[in-house]
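The values are calculated or read from the model by the stated rules, or taken from the named source; none is laboratory data. Please read all numbers here as calculations on a predicted model, not as lab measurements. Here the Cβ positions follow ideal geometry from the backbone for every residue, glycine too, while neighbour counts run over all protein chains shown.
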Amino acid sequence: MALFMSVPEHAPANVAPAWSCDHDTWLVFCTAIDNFGDIGVCWRLARQLVVEHEQQVVLYIDDWHKALVFLQREDGCSLTHIEEQGVLLRRWHDGIDWTASLASAGMVIEAFGCSLPDTLIEAMAKEGGRRAPPCWVNLEYLSAEAWVEDYHGQQSIQSAPVTGTCATPVVLKKTFFFPGFTAATGGLIRERHLLASHQAWQAEQARTRAELVPASGCAHDRSLWISLFAYPRPPGNVALRSWFAALAEGAEPVLCVVPAGSLLVDVADALELTHTPAVGEVICRDSLSVAVIPFLSLDDYDRLLSVCDLNLVRGEDSFVRAQWAARPLIWHIYPQQDDAHQLKLDAFLERYGEDRWSPGSADKLARFTRFWNLDADCRKLWHDLRPQLPDLTHRARNWQQKLAALPDLASSLMQFYRNRP
Ligand code: TRH
């Protein structure tokens, strides 16, 4: 059902009138720094707020082309907005009349500190002169670091002058909202049916696998299945090359499934190919088969994570999705210039390994993960890690259950919104 009856500006003639004016619309602002992670998180959140919490959500995205590619909605290239699964997606550009957009807004989410334009802040302040200004939330990046708990929910006061009036500046409060792994944070994105879906996909594992990687010609049922999504590191990619070598020389057949993307250049290099492999191609090296599949839809990517014995993931969103899949994971963290990511990585590994049982498996996972992130030789570490996979699968299930006992991010935001002054 379409939740949006109209849009306030640049509306084509075929969009029906009557924009809701009950101040309950959520405006989510997303800048696509690079890759797809920021869009992925914002899109999931927006969709969940619509589908599960019956909110009206407008998602503003600066990189319109990237968003449409990501959502497989290239048909919207020449438009300024499209509707997708009940979410109104709008191209975020300089000429937007924020006063009109804010008229029905109850919540403004600035994702990942993307810096709202002054004109929008001013318009929020103006709204605040007429009624309670919209709630303003800065949704932060995910981190397992302990300080996040202290900063979650903190407010910063922003005094916004209203141009052209001599009225007292309106005070706007921006709340910092941190996703996280504990009850003292905002939690993680988790759709209501996600865990049940994983159970169903895993119960039908052979069928799900065959649907995702059809007719690739190898005896895949007997293989160890691994999905691979990581940052490219040309030239060389020591970690990938050495890990592939370890997989190839091992006794068991391994299928490594790689969704199409920039990593394929490194895959070609690590396998000493003279070309970048194409979708549908399967490259075999002794025990290792590498299958290139299309870049999947978000929902199919969840299915892939669900039916692999190990998932190599990266950034933020795929990293979280792999945790819901309850399968062991290796995390390639988004590298930051000042090496701040090393602290974030350690904080996660510490939390993930803190169960008292089987410390050995957690240590080996942590060691491999650190070497993977440092682009170091992982050959021996893989042989150490491989026997731990059954144990790590139990750990992954425990971890999933532990996280599932916490409120999810959308519910936490809803609660914050309902309790607003
Ligand atoms: O793409 P990422 O590296 O994203 C980000 C951004 O780089 C961002 O700027 C940075 O700040 C952040 O990481 C930490 O990795 P991520 O977060 O996993 O996002 C990838 C998205 O792509 C995620 O939503 C899952 C999705 N995806 C698919 O939909 N299909 C696929 O086949 C694959 C491999 C991924």
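Across the stretch 59-88, the qualifying residues are those that are within 14 Å of the ligand (Cβ to nearest atom) and in a loop (DSSP other than H, G, I, E, B), and the one among them that is surrounded by the fewest Cβ atoms within 10 Å (Cβ to Cβ) is Q72.
Among residues of the stretch 30-45 that are touching a residue at least 40 places away in the same chain (Cβ under 8 Å) and more than 16 Å from F319 (Cβ to Cβ), those with a beta-carbon under 6 Å from a residue that is within 6 Å of the ligand (Cβ to nearest atom) and not hydroxyl-bearing (S, T, Y) at least six positions away or on a different chain give the pairs C30/D38. Candidates V282, V257: the one that is of a type in the set (V, I, T) and either in contact with a helix residue (DSSP H, G or I) (Cβ under 7 Å, 6 or more places away or on another chain) or at pLDDT 95 or above (or both) is V257.
Checked against (1) crowded, with 18+ Cβ neighbours inside 10 Å; (2) modelled with pLDDT under 95, P328 passes all but condition (2).
If you go through the stretch 272-294 and keep only what is under 26 Å from the mean Cα position of the chain (by Cα) and under 17 Å from S223 (Cβ atoms), you end up with V290, A291, V292, I293. For the stretch 351-369, the criterion of being among the acidic types (D, E), out of contact with any His (no Cβ under 7 Å at 6 or more places or on another chain), farther than 25 Å from S242 by Cα and surrounded by fewer than 21 Cβ atoms within 10 Å (Cβ to Cβ) is met by at least one residue.
Look at (1) within 22 Å of the chain's Cα centre (by Cα); (2) surrounded by 17 or more Cβ atoms within 10 Å (Cβ to Cβ) and you find that L381 fails only one, number (1).
Does P335 meet the test of being in the same structural domain as S242 (by TED's automatic domain parsing), free of Cβ contacts under 8 Å to residues at least 12 places away in the same chain and out of contact with any Pro (no Cβ under 9 Å at 6 or more places or on another chain)? When the stated conditions are applied, P335 does not pass them.
Scan the stretch 121-144 for residues that are of a type in the set (A, V, I, L, M, F, W, C), farther than 30 Å from Q342 by Cβ and in contact with a strand residue (DSSP E or B) (Cβ under 8 Å, 6 or more places away or on another chain) and the total you get is 5.
For S361, all conditions in the list (1) touching a Leu at 6+ places or on another chain (Cβ under 7 Å); (2) modelled with pLDDT of 95 or more hold save one; what is the number of the exception? Unmet condition: (2). Restricting the search to helices (runs of 4 or more DSSP H) fully inside the stretch 322-414 and requiring at least 3 residues that are within 24 Å of L45 (Cβ to Cβ) gives 340-352, 389-404.
Highlighted here are the helices (runs of 4 or more DSSP H) found entirely within the stretch 210-316 that include at least 2 residues which are touching a residue at least 12 places away in the same chain (Cβ under 8 Å), surrounded by fewer than 22 Cβ atoms within 10 Å (Cβ to Cβ) and within 13 Å of the ligand (Cβ to nearest atom): 298-307.
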